[in-house]
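Since the structure comes first, as structure tokens, the remarks are kept for the end.
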């Protein structure tokens, strides 16, 4: 029985990544023009977005683990509950703010284009915050549906 639980958990994590990585890659590609420091070539810029997507995947896995810890349930997202999703989105926003501060101001890996809307009270761009607000509920609700069918 413990082996079966481990297999179920692995399948669930793989499903989470199957939902997360394509969604975040599309978001990264669409928001790329709003940032400075991107390579000029399409292939190189796509590679940068791919690496960012892998980082996003790690963040989503961490938020999934946070949900598991806080709600004491590996399937904390089933059924989707506004309060639980809100908790994860707020945590996701916090992570995004920290990542943006480190990458923009600490490591100077990228910056914001003039047209990028800024959240002056946080000192970060709007798009990374919207990423958490839009994608996290979509992914965890999608995962709940997928889990409900299996």
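If you take the residues of the range 122-138 that are in contact with a helix residue (DSSP H, G or I) (Cβ under 6 Å, 6 or more places away or on another chain) and not in a helix (DSSP H, G or I), which of them is modelled with the lowest pLDDT?
122
Within the range 103-116, track down each residue that is within 18 Å of residue 28 (Cβ to Cβ), exposed (fewer than 12 other Cβ atoms within 10 Å of the Cβ) and without any contact (Cβ under 8 Å) to a residue 24 or more places away in the chain. Outline the logic, then answer.
Step one: of the range 103-116, the residues within 18 Å of residue 28 (Cβ to Cβ) are 103-104, 107, 109-113, 115-116.
Subset that is exposed (fewer than 12 other Cβ atoms within 10 Å of the Cβ): 107, 115.
Across the range 103-116, the qualifying residue is only 107.
Which members of the range 12-35 meet the condition of being over 16 Å from residue 60 (Cβ atoms) and either under 11 Å from the mean Cα position of the chain (by Cα) or free of Cβ contacts under 8 Å to residues at least 12 places away in the same chain (or both)?
30
Looking at the structure I just gave you, is residue 86 touching a helix residue (DSSP H, G or I) at 6+ places or on another chain (Cβ under 7 Å), in a helix (DSSP H, G or I), closer than 28 Å to residue 141 by Cα and at pLDDT 95 or above? Reasoning before the result, please.
On the way: touching a helix residue (DSSP H, G or I) at 6+ places or on another chain (Cβ under 7 Å): no; in a helix (DSSP H, G or I): yes; closer than 28 Å to residue 141 by Cα: yes; at pLDDT 95 or above: yes.
No, not satisfied.
I need the full set of residues from the range 96-121 which are in a helix (DSSP H, G or I) and either over 22 Å from residue 36 (Cβ atoms) or more than 17 Å from the chain's Cα centre (by Cα) (or both), in order please.
Residues of the range 96-121 in a helix (DSSP H, G or I): 96-106.
Within the range 96-121, 104, 105, 106 qualify.
Any idea which of 12, 63 is within 19 Å of residue 144 (Cβ to Cβ) and touching a helix residue (DSSP H, G or I) at 6+ places or on another chain (Cβ under 6 Å)?
Values: 12 fails: touching a helix residue (DSSP H, G or I) at 6+ places or on another chain (Cβ under 6 Å).
One residue alone meets the criteria, 63.
Looking at 50, 142, 67, 148, which is the one that is surrounded by fewer than 17 Cβ atoms within 10 Å (Cβ to Cβ), under 17 Å from the mean Cα position of the chain (by Cα) and part of a helix (DSSP H, G or I)? Working first, answer last.
Working: 142 fails: surrounded by fewer than 17 Cβ atoms within 10 Å (Cβ to Cβ); 67 fails: surrounded by fewer than 17 Cβ atoms within 10 Å (Cβ to Cβ); 148 fails: under 17 Å from the mean Cα position of the chain (by Cα).
Step by step, each of 50, 142, 67, 148 is checked, and only 50 is surrounded by fewer than 17 Cβ atoms within 10 Å (Cβ to Cβ), under 17 Å from the mean Cα position of the chain (by Cα) and part of a helix (DSSP H, G or I).
Go through (1) under 16 Å from residue 103 (Cβ atoms); (2) in contact with a helix residue (DSSP H, G or I) (Cβ under 6 Å, 6 or more places away or on another chain) for residue 25 and report which single condition fails.
Evaluating residue 25 over (1) under 16 Å from residue 103 (Cβ atoms); (2) in contact with a helix residue (DSSP H, G or I) (Cβ under 6 Å, 6 or more places away or on another chain) leaves (1) as the failure.
Restricting the first residue to the range 80-100 and requiring it to be in contact (Cβ under 8 Å) with a residue 60 or more places away in the chain and on the phi < 0 side of the Ramachandran plot, which pairs with a second residue that is surrounded by 13 or more Cβ atoms within 10 Å (Cβ to Cβ) and not in a loop (DSSP other than H, G, I, E, B) meet a Cβ separation below 6 Å and a spacing of at least six or different chains?
Listed pairs, sorted by first residue: 80/141; 80/144.
The values are calculated or read from the model by the stated rules, or taken from the named source; none is laboratory data. In this text, all values refer to a predicted model and were calculated from it rather than measured experimentally. Neighbour counts are summed over all protein chains in view; Cβ atoms, including those assigned to glycine, are modelled from backbone coordinates with ideal geometry.
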